[in-house]
1. What strands (runs of 3 or more DSSP E), lying completely within the range 140-241, carry at least 1 residues that are within 14 Å of the ligand (Cβ to nearest atom) and among the charged types (D, E, K, R)?
2. Looking at (1) outside any helix (DSSP H, G or I); (2) touching an Asp or Glu at 6+ places or on another chain (Cβ under 7 Å); (3) surrounded by fewer than 20 Cβ atoms within 10 Å (Cβ to Cβ), can you tell me which one ALA291 breaks?
3. Output the number of the condition that LEU176 fails; it satisfies all remaining conditions of (1) under 20 Å from ALA291 (Cα atoms); (2) buried (at least 20 other Cβ atoms within 10 Å of the Cβ); (3) at pLDDT 95 or above; (4) of a type outside the set (Asp, Glu).
4. So how many residues does the range 3-32 have that are modelled with pLDDT of 95 or more, assigned to a loop (DSSP other than H, G, I, E, B) and either surrounded by fewer than 19 Cβ atoms within 10 Å (Cβ to Cβ) or among the acidic types (Asp, Glu) (or both)?
5. If you go through the range 76-90 one residue at a time, do you hit one that is part of a helix (DSSP H, G or I) and at pLDDT 95 or above?
6. Residue pairs, Cβ under 9 Å, 6 or more apart or interchain, first in the range 34-54 and touching a residue at least 24 places away in the same chain (Cβ under 8 Å), second in a strand (DSSP E or B) and acidic (Asp, Glu). List them.
7. Considering every residue within the range 97-109, establish whether at least one is on the phi < 0 side of the Ramachandran plot, surrounded by fewer than 14 Cβ atoms within 10 Å (Cβ to Cβ) and aromatic (Phe, Trp, Tyr).
8. Take the range 246-266 and flag every residue that is buried (at least 22 other Cβ atoms within 10 Å of the Cβ) and more than 8 Å from the ligand (Cβ to nearest atom).
Amino acid sequence: MTPVAVHAFPGPARQAQALAEALDAPFAQVELHRFPDGEILPTVPAPSQTVIVYASLDQPNEKLIALCLAAEAWRRLGVRRLVLVAPYLAYMRQDAAFAPGQAISQRAVGGLLSERFDRLVTVDAHLHRTRELGAVVPGIEAENLDAAPLIGDWLAARGVDPRTMILGPDEESAPLVQAMAGRLGLGWRCFSKTRLGDREVRLALAGADDLKGRPVVIVDDIVSTGRTLIAAIGKAREHGASTARVALVHALFDQSVLQAMVAAGADEVVSTDSVPHPTNAIPLAALLAAALASELPR
Ligand code: R5P
């Protein structure tokens, strides 16, 4: 058995392959058969002692089942260590029961993963009310990597006007915004957000006059319906921002949302490649590989 290999589910093959190359580890894909009744059957490649499983969990429902089924096969074939690399980790936003009877999805999905894997590596998981990723997956090793330095360096390499203001669309984005602004030596602000429904938000910004005639870069971790960002772009423009660039970690939205962002006044929208998306510009392979180097034989 080889000591370590990267296995990936059908989907983000390019990103998984880039990770395998960065680690200089063999790469193979899990096959997924779909039965006429909707059941799925994964077939895993030849096992290694450690398998690094690459699975970005956007559109997560079927992927989570596929992971559970494949984990059964890997273990039965003798894999000793299963490391899940989920650059986007789904179901983290429902971290409390916000109404009687609701599931705490974060806890349930965390349990499902911690029962099957020895280590979880992700990027900017939505942990605003949970202090650390280890609390989501008790009993296994867990790392929540920070994409802010990578995004900051990417922006810096492209050139950032020193008058630029970094904006966060809500209070929860403050740690990401602050980290980015600190890295670039720029000022920052966060909108306060009231969510009125899945697709309706209201934003307000204290000190909005400061935006007049200045470029802004709006940063966020997850963009799903895009309503938050579209509102933030529109408000920044209303308050006189000269240009509006958007840099985000996990792009979960479709083409129509991208068009709406441009219509609202976005000059550029870029994302990390945690989820395959037309806005991908900032590869995560080096960040992930640095965290996973400890899995390689010495
Ligand atoms: C919220 O806490 C997150 O950081 C994002 O701002 C939010 O998930 C965006 O959602 P949407 O794109 O659906 O407005």
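1. Hits in the range 140-241: 192-197, 200-204, 216-223.
2. Against the list (1) outside any helix (DSSP H, G or I); (2) touching an Asp or Glu at 6+ places or on another chain (Cβ under 7 Å); (3) surrounded by fewer than 20 Cβ atoms within 10 Å (Cβ to Cβ), ALA291 comes up short only on (1).
3. All conditions are met except number (3).
4. Just the residues of the range 3-32 that are modelled with pLDDT of 95 or more, to begin with: 3-8, 15-32.
Applying the additional criterion that residues be assigned to a loop (DSSP other than H, G, I, E, B) yields 3, 24-26, 30.
Filter once more, so that each one left must be either surrounded by fewer than 19 Cβ atoms within 10 Å (Cβ to Cβ) or among the acidic types (Asp, Glu) (or both): 3, 24, 26.
Residues meeting the conditions: 3.
5. Yes; the residues of the range 76-90 include at least one that is part of a helix (DSSP H, G or I) and at pLDDT 95 or above.
6. Within 9 Å, the pairs are LEU41/GLU31; PRO42/GLU31; THR43/GLU31; VAL44/GLU31; PRO45/GLU31.
7. We begin by selecting, within the range 97-109, every residue on the phi < 0 side of the Ramachandran plot; these are 97-100, 102-109.
Checking which are surrounded by fewer than 14 Cβ atoms within 10 Å (Cβ to Cβ) leaves us with 97-100, 102-103, 108.
After this cut, where a residue has to be aromatic (Phe, Trp, Tyr) as well, the list is 98.
Checking the range 97-109: at least one residue is on the phi < 0 side of the Ramachandran plot, surrounded by fewer than 14 Cβ atoms within 10 Å (Cβ to Cβ) and aromatic (Phe, Trp, Tyr).
8. At the first step, the residues of the range 246-266 found to be buried (at least 22 other Cβ atoms within 10 Å of the Cβ) are 246-251, 253, 261, 266.
Selection gives VAL246, ALA247, LEU248, VAL249, HIS250, ALA251, MET261, ALA266.
The values are calculated or read from the model by the stated rules, or taken from the named source; none is laboratory data. Keep in mind it's a predicted model, so treat the numbers as computed, not measured. Positions of Cβ are backbone-derived with ideal geometry, glycine not excepted, and every protein chain shown enters the neighbour counts.
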